[in-house]
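Computed from the coordinates by the stated procedures, all read-outs in this text should not be read as laboratory data. Everything quoted here is computed from the prediction, not taken from an experiment. Positions of Cβ are backbone-derived with ideal geometry, glycine not excepted, and every protein chain shown enters the neighbour counts.
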Amino acid sequence: MAGLEFVGVRKTYPNGVKAIHGIDMAVSDGEFVVIVGPSGCGKSTLLRMVAGLETVTEGEIRIGENRVNELEPADRNIAMVFQNYALYPHMSVFDNMAYGLRNRRTPRNEIARRVAEAAGTLQLEGLLDRRPGQLSGGQRQRVAMGRAIVREPEAFLFDEPLSNLDAKLRVQMRLEIKRLQRALGTTSLYVTHDQVEAMTLADRLIVMNAGVAEQIGTPLEIYDAPATLFVAGFIGSPAMNFLSGTVAEDGTGAQLDGSGGTLPVAPPASPDGGRIVVGIRPEHLEPVSREEAALEVVVELVEALGADSLVHGQLADGGEGAAVTVRVDGARRVAAGDVLSLAVAPNHVHFFNPDDGKRLA
Amino acid sequence: MVENRPWLTVFSHVVLCLGVLVTALPIWIAFVASTHPADSMLSGRTPLLPGGNMLENYATVLGSGVKAAGSIPVGTMLWNSFVMALMIAVGKIAISIIAAYAIVYFRFPLRKTCFWVIFITLMLPVEVRILPTFGVVASLDMLNSYWGLSVPLIASATATFLFRQFFLTVPEELAEAARIDGAGPLKFFRDILLPLSRTNIAALFVILFIFGWNQYLWPLLVTTDEGFYTIVMGIQRMLQAEDAEPAWHEIMATSMLAMLPPVLVVVFMQRLFVKGLIEQEK
C-alpha cells in the first residue's frame with residue numbers, strides 16, 4: 001500500500017478546455033479522500049488522471065514513490081469502481097472478478113482464493129455463477145467492489161459509485177464502503193457530488209470548483225471554517241445563508257443591508273470599502289425573544305421534516321434577495337407570515353470578502 | 001386494447017391466408033413438379049398432388065446432373081454455392097467487425113475520412129463495378145476459383161456500419177475497466193467485444209449467407225469451369241438447354257435443393273438469435 005501525491009497537476013483538453021488548474025496535494029497511506037464538487041468541476045477528470053484514463057497535461061502524479069504519468073492503467077496498481085459498475089455483461093460474477101487477475105497471470109488457486117475471500121466479505125458467495133444482468137443494483141455494486149478488492153491494489157478509485165442506487169441502499173452501501181476501507185486500510189480516492197457522502201466517508205475532503213481545489217481539509221474543518229463562499233455554500237445542507245452588509249463604523253459589529261439588523265461580531269479583517277458577506281448556517285440561527293434578537297425573519301414557507309423544520313423566509317426590511325433559511329426544532333410550530341426573532345452565536349458567523357469570495361480571517 | 005369485432009377478425013385472417021397462399025403455392029408446385037416424371041409437366045395440366053417419382057428425380061439430379069445442361073451433378077453445385085456463401089459471410093463479418101473496431105476505438109489520422117470512404121462504397125454494388133472487378137480478378141488469376149467467387153464480394157460497408165453502431169452503444173466504461181484489468185486492445189476485442197457482438201454476428205451471418213447464396217451475376221462471369229458452377233446460375237443454365245424441352249421435373253428438384261440450405265441456416269440460426277435476445281442484458 002502507498003500514499004498518493006499530486007504535484008502541480010493540470011489538465012487541458014485538446015480542444016483547449018482547461019479542466020484542472022493545478023492541484024497540489026499529498027494523500028497519506030490508508031487515507032480516505034473524497035473529492036466533491038458540482039458537475040463539471042473537474043473531479044472525475046482528476047480521478048481518471050490517477051487511473052491513467054486521461055493524460056496529465058502538466059505536473060506529476062505519484063503513487064507511492066513512483067511517478068505514474070506515463071504508466072498504463074493496468075501498471076499503476078490501482079482499482080477503479082465506476083458509476084455504472086462497468087461489469088462485463090457476458091461473464092459470470094466469478095469471471096468478472098477474476099478477469100483482471102487472469103490477465104496478470106495470477107496462479108489459478110490464488111485467483112480462486114482471492115475471489116472466495118472477496119465474495120465472503122461482500123456476501124456474494126451464492127451469486128458467483130450469475131451474470132450481472134441477473135443481479136440487483138446493490139449486488140452489482142458489490143461485484144464492482146469485489147473486482148477492485150481482489151486486485152489488492154495500492155489505491156481504490158471510486159467514481160460516484162453510489163449514484164445509481166436508491167436512497168436507502170445508498171446509505172447502506174456508504175457504510176459498507178467505509179467499513180471495508182477501514183478493514184483493508186487501502187488508500188482511497190472517492191469522487192462524488194453528494195455532500196452527505198462526502199462528509200460521512202472522508203478522512204479529508206477536496207472541494208473542487210471549476211478545476212480549482214477550493215479547500216482541502218477534514219470534513220469538520222471545512223464545515224466549521226469554509227475557505228471561500230463557494231465551499232460555504234456547497235458544504236452543509238440546507239446551504240448556508242448569505243447576507244450582504246458592511247462592517248460597522250466603530251469596527252465592533254456587522255451591519256446588515258437594509259435595516260436587517262446588526263450582528264455583535266465583526267470580521268477579524270475588513271476589506272476595502274467595508275463591504276462584506278455574512279454567512280450563517282441555518283442550524284446556527286436560534287429563535288429567541290425579541291429583545292435578544294440580532295435579526296428578524298418573515299416566514300414564507302415551512303418544510304416540516306419531523307425531527308426539525310426548515311423555515312424559509314425573508315429578512316424583515318432586508319431589501320431584495322435577503323432570503324434566509326432557518327432550521328428549528330420540529331416541535332416548534334411556525335406558520336407562514338410569522339416573524340421569527342433570531343440570534344446567532346458569534347463563533348458561528350462567517351465573513352467573506354464579496355470581491356474574491358475568500359474568507360475574512 | 002382488446003377489440004371484439006368478429007368481421008374484422010375474419011377479414012384479416014382471410015387476407016393473411018391469401019398472403020400465405022400466394023407465397024406458398026409456387027413452392028408447393030415446384031415441390032409437386034419435382035416428384036413427377038418428365039412428361040407430366042409438359043402435358044399442359046399442372047398436377048397439384050405429389051407424384052411417385054420423387055426419389056428417382058432427386059437421385060438423378062444429385063448424382064449425374066441434368067443431361068441437357070451438361071450433366072453437372074447438383075451436389076457439386078450445391079457444394080460450390082455453400083463454400084462461396086460461407087466464405088462471403090465469414091469474410092464479410094471478419095473484415096467489417098475489425099474495420100468497425102478500428103473506427104470506433106482507435107484515434108488515428110483520417111479516421112472520419114476512412115469511415116466515410118467505407119460508407120460511400122455502398123453506392124458501388126457489384127453490378128456497377130463489375131467490369132473493373134472482373135479485370136482485377138482475371139489478372140490476379142482468380143477466375144474459376146473459390147477465391148475469385150468470394151473475395152470481390154467480401155468488403156461490406158453495411159456490416160461495418162452495423163458493427164460500428166453496435167460498438168457505439170457499448171458503454172465506454174467497459175473499455176476503461178478492461179484497460180485497468182490489464183486487457184490490451186486485442187484482448188479487449190477477443191474477450192469482451194466479440195462475445196458481446198454474438199447476436200449481431202448471428203443476425204448478420206444469416207443475412208450475408210443468403211446474400212452470398214443468391215449471387216447470380218458474378219458467378220456467371222467468373223466461372224467457365226463447370227466444376228465451379230454455383231447452384232443459382234446452374235438452374236438458369238438448365239433452362240437454356242438447347243434442342244430439348246426443359247426437364248421441369250429435374251429443374252424443380254434442383255430448385256428445391258437450392259432452397260434448402262438458406263432455409264436451414266435461417267431455422268438453425270433463429271434459435272441462436274432468440275437465445276441471444278433473451279440473454280441480452282444492459
With respect to the cross-link table entries A:LYS18/A:LYS168; A:LYS18/A:LYS178; B:LYS92/B:LYS112; A:LYS43/A:LYS178; A:LYS18/A:LYS358, which display a Cα-Cα separation exceeding 25 Å? A:LYS18/A:LYS168; A:LYS18/A:LYS178
Please state, as a whole number in µm²/s, the translational diffusion coefficient that the Stokes-Einstein equation yields for region A:1-64 at 10 °C and 1.306 mPa s, with Rh defined as the Kirkwood radius across alpha carbon pairs. 131 µm²/s
Most to least packed among A:5-16, A:268-279, B:254-265 [average Cβ atoms within 10 Å]: B:254-265, A:268-279, A:5-16
Cα-projected label distance for A:ASN15 with B:LEU186, points at 7 Å along beta-carbon direction, nm: 3.5 nm
Angle in degrees between helix A:167-184 and the longest Cα principal axis of chain A, rounded to the nearest 10: 60 degrees
Would you please give the FRET efficiency between B:THR158 and A:VAL196, computed as 1/(1 + (r/R0)^6) with r the Cβ-Cβ distance and R0 = 56 Å, to the nearest 0.05? 0.65
Likely footprinting exposure, B:CYS17, A:CYS41, B:CYS114, fewest C-beta neighbours within 10 Å first: B:CYS17, B:CYS114, A:CYS41
Taking 7 Å along the Cα-to-C-beta vector as the label spot, tell me the A:VAL339-B:LEU220 distance in nanometres, rounded to one decimal. 9.9 nm
Degrees between helix A:93-103 axis and first principal axis of chain A (Cα, 0 to 90, nearest 10): 70 degrees
Note, B:PRO219: beta-carbon cut-off 15 Å, +1 each Lys/Arg, -1 each Asp/Glu, net -2
Please give the average number of partner chain Cβ atoms lying within 10 Å of the Cβ of each residue in A:48-54, rounded to a whole number. 2
Please report, in whole Å, how far the alpha carbons of region A:12-107 spread along each principal axis, starting with the longest. 41, 30, 28
0 to 90° range, to nearest 10: angle between helix A:137-149 axis and chain A longest Cα axis: 70 degrees
Take each of the peptides B:195-208, A:72-85, average the number of other beta-carbon atoms within 10 Å over its residues, and list them starting from the highest. A:72-85, B:195-208
What translational D, rounded to a whole number of µm²/s, comes out for chain A from Stokes-Einstein when the hydrodynamic radius is the Kirkwood one over Cα pairs, at 10 °C and 1.306 mPa s? 70 µm²/s
Could you tell me the ratio Rg/Rh of region B:6-65? Both radii from Cα atoms, Rh via Kirkwood. 1.22
Tail weight of P(r) past 25 Å, computed on alpha-carbon pairs of region B:10-150, percent: 60 percent
Cα extents of the protein assembly as shown along the principal axes, largest first, in whole Å, come to 124, 69, 50
Any idea what diffusion coefficient region A:239-352 gets from Stokes-Einstein, in µm²/s, Kirkwood Rh on alpha carbon pairs, 37 °C, 0.692 mPa s? 232 µm²/s
Per-residue mean of other chain beta-carbon atoms within 10 angstrom of the beta-carbon, peptide B:170-176? 5
With +1 on each Lys and Arg Cβ and -1 on each Asp and Glu Cβ, and nothing else charged, work out how big the dipole of region A:239-352 is about its Cα centre, in Debye to the nearest 20. 220 debye
If I model a spin label at B:THR169 and B:SER139 as a point 7 Å from the Cα along the Cα→Cβ vector, what separation in nanometres do I get? 4.3 nm
Rounded FRET efficiency, nearest 0.05, which uses the C-beta distance separating B:LEU18 from B:VAL267 and R0 of 22 Å: 0.35
About the Cα centre, and with charges only on the beta carbon of Lys, Arg (+1) and Asp, Glu (-1), how big is the dipole of region B:74-279? Nearest 20 debye, please. 920 debye
Other chains' Cβ within 10 Å of A:82-89 residues: what's the mean? 6
Size of region B:74-279 along its principal axes in angstrom, Cα-based, largest extent first? 72, 41, 24
Treating only the Cβ atoms of Lys and Arg (+1) and Asp and Glu (-1) as charged, compute the dipole magnitude of the protein assembly as shown about its Cα centre; round to the nearest 20 debye. 2140 debye
